[in-house]
Amino acid sequence: MTGGKVDFALIKEATRIELVKLLDSIPGTKAVVWDEKLAGAFSHVADYAFLRTHDVCKMFYITANKLPPSNVAHIIFLARPHTSIMDQINQQLRMISLLCERRLQEHGVRGSFTTVRELPLLLFRLDCDLVSMELPLCFRDLQLDSDPTSVFLVAQALMTIQGVFGLIPNIYGKGQSAKQVYELMVRMRREMGGNEPQVTPQIDQLILIDRSVDLITPLATQLTYDGLIDQFYGINNCTVKLPGEKFAQTSSDSPPSDDSSFMDTKTVQLSSLEILYAEIRDCNFSAVGPRLSRHAKSVKAQYEERHAAKTVGELKQFVQKIPQMEVHKQSVATHTTIAELIQEQIASGIFRPALQMEQEFLKGLDTDKISPFIEDCIAQKESLNTVLRLICLQCIVNSGLKPKILEHYKRDVIHTYGFEHFLTLENLEKAGLLYVQQGRSTYATVRKTMQLTVDDVSEHDPTDMSYVHSGYAPLSARLVEFLQWPGWRAITGVLQVLPGPTLTETQQLPSALRQRSGPEYVIATTKIINGNSFLQYLSDELGGE
Amino acid sequence: MTLEVVSVNGDATSYYLDSTSHLVQEADGLRVLGSITHDVLQKVPLVVTETLGIGSMAPGALLLEAAKGFQCLSNQERSTRANDCLGMIKDSVEEAVNQCLQAAQHEYRPQAQKMLLRAALFGKSFIPEMNPEPCKKAIFTLRVLNAVRDYRVGLPLTWNELEHLTLPVLLDRLVYRRYFPLALQIADFLKLPESDGTSRILAHWACYKVLQPSQKSDEQIAKEINSKLGYTPGISYTDIANRADQAGRKQLAIKVLVLMRLGEDQTALRRALQSGDTDLIYTVLHHLRQKLSSGEFLMLIRNFPVAQSLHIRSCQELDMEQLRDILVQEDDFHGQGLLRIKEAYNTYRTDSHQASLVGAAELFRKAKSESACQMTEEQIKLNKWQMRLEESQQKPYAKKSLHDTVHQLLLDGQIKETEKLRVEFKIPERRYWWLRVVAHAQANHWEELANFSKNKKNPIGFEPFVDACLKNGNKIEAQKYAMKVRDENKITYLIKCGLLEEAVKVAQEQRSASSLTKVLVACGPQHQNLQSRIQVLLKVGLDVGEGGVTDTPATSGQIMHAMIWV
């Protein structure tokens, strides 16, 4: 499936070329030892069959165990630049950042490597209109460690995008990091001098939004089909691992070869290439049921057609359609099962009451007192993630909590979940998710101006983006929407209230031909997150290992 | 007193001097030093006589005349005089220009210099192909000469002398006379290469500076030097430090050395930071760390927040000791406290765990992080309690949270102990009730639960009682509490406990059609009687209760609708 004007497939091509360049620069047979976290992302770039054509004959994961003996000429370690991984590589013997190299030096194994090289892959295409940099720790690095590496990488990635799709003439942004990214881009462009790629600009606007501008949205529960799958099971690189027993009768159709050891889980590939999934992925979950049932009926009706087929010709036509029908049937079955699983999750536990609490907070109700619901959740030792999410949400919506309330929550959490979570609380404070109230709450203004909450939202036939949270419209998405119309000048009040500088810049184009059509968005992100993962990346549990 | 000057031809000139004077021989003249005067006596160079001599017809003189004519105010006079004179030197303009330039070079009064230079430039404009360098050199050099001839400097150099001396020597002389600013300005003005000019002068200045006795502290002097020298390359810091050392100022020497080297390194670091490339920054940091002593290194990076946080970052992974040094240097007590807490959890020994926490609490107090301090202290207290409990109960309690500790005690029926803990740790009523209810039910202490439920001050209602009983599979116990549930939840809870008859009764009392419907939905095949009764009631109820029927208000927010499956 190709997208609109801008298709990130080109990015994938560019990535692939980089990888091939690296592989081909090393003659002879090769074994690739993967960093497990990278393997998934790379599967979008090149599969095993493709790698085989480039003399890769063995693949392993980086683990603490010894490498099995093999007779290849070269062993390539593909790893993210983390020192802990370097430790593992070290163990395994007996990429590329300086720190890592040094760590290897410390271990005295640097010498056994012929070369350590950087593979400049920044963007992974997840869909035709979505690329991710797969930097889950970006927000944490910036907020907790003031490590600007990801800002640099984002700027580099945007330069890559501009290299493929041409210079982007208009740049808008909100937030400190957005500004830094822009400044680095300007700098990088200057360094390139006149050697800019001569590509007709295909992207008209670039909107940079710093996560710290909109901390509310990741804390709210997404209620789309896609969002809920991610919420409950976690989507990684467009695949999701689900409990296997529900799929018992269907899993025989396509047993993934590498999956044999995990009989209890079933891996499902989620891609917009699947027509049914493309239709329902962004629907509010309550609208998914009716749609699935309609599809189920149409599958049934198609099969019924065989009775109507009288002549040999008609029968032949029917037979020709069978494979396609089989695929469709399989797809309906899979998604019905997934929807059932989600339905179970929703019905059980505190999902519903927590969601209700969340929506009350988002409407600005009772955010200035201790919430009995949160207290009860803590008293029953519900999942810490849920509890922290609600507390953070209440805090942000209220523009900070009163010292006494914050204290109370913190004590409650420590008492119930243990002192091990002390650092996590510290981190949340450092990241600006928990803080003591200073001044009046600004959320009411923002909510009103940006229409963050909508009362009469139609989940089945949405006309406004607020359907994704059944009533709450994501602030960052609203910012983008308002930029299109009526323009950011209309909401200066809100922009002042939100943290960080606002950015409206134009890049001078050498000579640009511009054709305007309706806005069409492509998205580049550092990582796709949900409320759970967002907080997980910020947490530090002590004594875990 | 007179000074008699006799030429080789025997001509003599007398000068009157008003005080006892000394004569100093120069290459092309004579300096006369009186008590309050300083004169230069020189044979007027031929070129000057030719150009400025009265009635001279040398090309230079004519060019000067032409230039003067050109500058005249009245238009007519201007054109004729200039034209006439130019006409006379038509073929020797170049010579005339050179004469004017040379005359200017030997002239002492700026006024006359200007006049001659103007004439030279005027003449030069008629010869487009003429080399501009001599003119430029004359103008620049004269400016320098005038500056050093100023009475405040008192270096009455002639042009020829300067030619022999060369500029660097002149600068050195200025430096020896401690005219550092003038020397710097000259070097700047002539755009001398830094190694000859600026940096040499600054180095001399710094050496002089360290030798001067001063009120200022060594630190201050070192900083002053650093701020002046900044990033000028080619300065030998060791020289300056050696000089200080020779003067017996060891401390200053060290400080200078540190700051000087920093100057260079700062530039590198700043460049790396500007690029935004973290790898590059790490490269510079790594290099600096090897080059500088630990203290110097830390001092340097503290001026660069990004570099510092990157360094801290790498320390977190590689070098905890260094991290502690940084936090100590920055007086970051809170950060040190957090580090101690991390340590506490990296050790397996109970005593050192406890000791680390005590240290952390102390640091938090220093940092005025009251809440952190309080929580840490509570944890220390909890550890102590747990140790005591482990002894008395012979069960592991360590590493349990307060919640889990109380829960465990309740499961074991140690209600007295839990009461102590509740008081000691000020567990809020609400949480304590929840704990009791859940734990009693889990341990099947039904009697205990019943006793507890009789407590008047129930902050959580009876819903948790029902839920807890049901969760542990005791419907009978659950039913005991169902009727006590708050009105708005009563129907739901009665249905949960399977008390459908009672639910119908309550619904009837509440005159709520929706409640009745709820019960009806809950009816199974075994409740056929009840079902039909409800249906009758619903019919009657609707007829009777029109307007009086109060439905429970819809929950705020649009919550998931029930799904209908095929």
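Yes/no per residue for (1) under 18 Å from residue B:378 (Cβ atoms); (2) under 52 Å from the mean Cα position of the chain (by Cα); (3) within 9 Å of chain A (Cβ to nearest Cβ):
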{"position": "B:418", "(1), (2), (3)": "yes, yes, no"}
{"position": "B:428", "(1), (2), (3)": "yes, yes, yes"}
{"position": "B:436", "(1), (2), (3)": "no, no, no"}
{"position": "B:440", "(1), (2), (3)": "no, no, no"}
{"position": "B:443", "(1), (2), (3)": "no, no, no"}
{"position": "B:447", "(1), (2), (3)": "no, no, no"}
{"position": "B:451", "(1), (2), (3)": "no, no, no"}
{"position": "B:456", "(1), (2), (3)": "no, no, no"}
{"position": "B:463", "(1), (2), (3)": "no, no, no"}
Within the stretch A:378-484, helices (runs of 4 or more DSSP H) holding 2 or more residues that are over 30 Å from residue A:279 (Cβ atoms): A:384-397, A:403-417, A:422-430, A:443-449
Those residues of the stretch A:297-314 which are within 14 Å of chain B (Cβ to nearest Cβ) and polar (S, T, N, Q), in sequence order: A:298
In the stretch B:271-314, the residues that are more than 14 Å from chain A (Cβ to nearest Cβ) and not hydrophobic (A, V, I, L, M, F, W, C): B:291, B:293, B:294, B:295, B:296, B:303
Long-range neighbours under 8 Å by Cβ, at least six apart or interchain, first residue assigned by TED's automatic domain parsing to the domain that holds residue B:64 within the stretch B:113-133, second in a loop (DSSP other than H, G, I, E, B) and surrounded by fewer than 16 Cβ atoms within 10 Å (Cβ to Cβ): B:118/B:71; B:124/B:132
Filter result for the condition that a residue is touching a Pro at 6+ places or on another chain (Cβ under 6 Å) and among the polar types (S, T, N, Q), over A:224, A:239, A:200, A:217: A:217
Test for residue A:434: is it surrounded by fewer than 23 Cβ atoms within 10 Å (Cβ to Cβ) and within 9 Å of chain B (Cβ to nearest Cβ): no
Number of the condition not met by residue A:370 [criteria: (1) surrounded by fewer than 21 Cβ atoms within 10 Å (Cβ to Cβ); (2) more than 10 Å from every other protein chain (Cβ to nearest Cβ); (3) outside any helix (DSSP H, G or I); (4) in contact with a helix residue (DSSP H, G or I) (Cβ under 9 Å, 6 or more places away or on another chain)]: (2)
One residue from B:558, B:526, B:510 being within 14 Å of chain A (Cβ to nearest Cβ) and either modelled with pLDDT under 80 or under 60 Å from the mean Cα position of the chain (by Cα) (or both): B:558
The stretch A:26-47: number of residues that are modelled with pLDDT under 75 and hydroxyl-bearing (Ser, Thr, Tyr): 1
Identity of the residue in the stretch A:61-84, out of contact with any Ser or Thr (no Cβ under 9 Å at 6 or more places or on another chain), of a type outside the set (Val, Ile, Thr) and not in a loop (DSSP other than H, G, I, E, B), that ends up modelled with the lowest pLDDT: A:84
Residues of the stretch A:167-200 satisfying the condition of being crowded, with 19+ Cβ neighbours inside 10 Å, within 19 Å of residue A:14 (Cα to Cα) and out of contact with any helix residue (DSSP H, G or I) (no Cβ under 7 Å at 6 or more places or on another chain): A:167
Lone unmet requirement of (1) surrounded by fewer than 17 Cβ atoms within 10 Å (Cβ to Cβ); (2) in contact with a helix residue (DSSP H, G or I) (Cβ under 6 Å, 6 or more places away or on another chain); (3) facing chain B (nearest Cβ under 8 Å); (4) within 30 Å of residue A:246 (Cβ to Cβ) for residue A:345: (3)
Checklist (1) more than 30 Å from residue B:151 (Cα to Cα); (2) at pLDDT 85 or above; (3) not in a helix (DSSP H, G or I) applied to residue B:57, failing item: (2)
The one condition in (1) part of a loop (DSSP other than H, G, I, E, B); (2) modelled with pLDDT of 90 or more that residue B:420 fails to fulfil: (1)
The stretch A:404-417 residues that are more than 8 Å from chain B (Cβ to nearest Cβ), paired with ones that are assigned to a helix (DSSP H, G or I) (beta carbon under 6 Å, 6 or more apart): A:409/A:391
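The values are calculated or read from the model by the stated rules, or taken from the named source; none is laboratory data. These numbers come from a predicted model, not from an experiment. Cβ coordinates were reconstructed from backbone atoms using ideal geometry, including for glycine residues, and neighbour counts include every protein chain displayed.
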